[in-house]
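Working notes, structure below.
Quick note: the coordinates plus some simple rules give every number you see, no bench work behind them. Quantities reported herein were computed from a predicted structural model and do not represent experimental measurements. Because the Cβ atoms are built from the backbone with ideal geometry, glycine has one as well, and the counts that use them run over all protein chains shown.
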Amino acid sequence: MKVYVGDRTIDGVSVRVNGAPLDPRTDLARFTPNGFEWSYEGQEPRQLALALLADHLGDGKEALKLADIFMRNVVANFDNEWELRGEDIDAALRVLRPQVTA
């Protein structure tokens, strides 16, 4: 299972999946030109939510549908440094999916 790690350093933020940089998936949507952020609700955390979901689910359409609620309920609550496993995303989605209208 994949492991996602975020770190905020003096050089900026870094988000990696299994040690490699996480693709921001701007091919699906570009919410911001400023890259990833977390710990609040906004466009940069929304871009991170989209990237996490697209990578984990392998489904861009589903990731777009869930990005906002995932940002508000998961990404906005990350600490400066965080780790998220695939099973953590699955657990969050079991709770959040029923709240999203088609």
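Computed values, structure above
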| read-out | value |
| --- | --- |
| Linear extension gain, Glu41 paired with Val5, 0.36 nm per residue minus alpha-carbon span | 11.1 nm |
| Net charge, Ala92 excluded, C-beta distance under 12 Å - Lys, Arg +1, Asp, Glu -1 | +1 |
| Gyration tensor (Cα) of the chain, equivalent ellipsoid semi-axes in angstrom | 19, 15, 13 |
| Calculated [θ] (222 nm, deg cm²/dmol) that DSSP helices of n ≥ 4 give over the chain, each run adding -39,500 (n - 2.57) | -12500 deg cm²/dmol |
| Restricting region 37-76 to GluC sites (Glu not before Pro) in coil, as DSSP defines it, with at most 16 other Cβ within 10 Å | Glu41 |
| Point-charge dipole on Cβ atoms (K/R +1, D/E -1) for region 5-86, about Cα centre, debye to 20 | 220 debye |
| Of Pro45, Pro24, Pro33, the one that fluctuates the most in a GNM where the chain has Cα springs shorter than 10 Å | Pro33 |
| Bridge type composition, the chain - antiparallel percent by DSSP, nearest 5 | 100 percent |
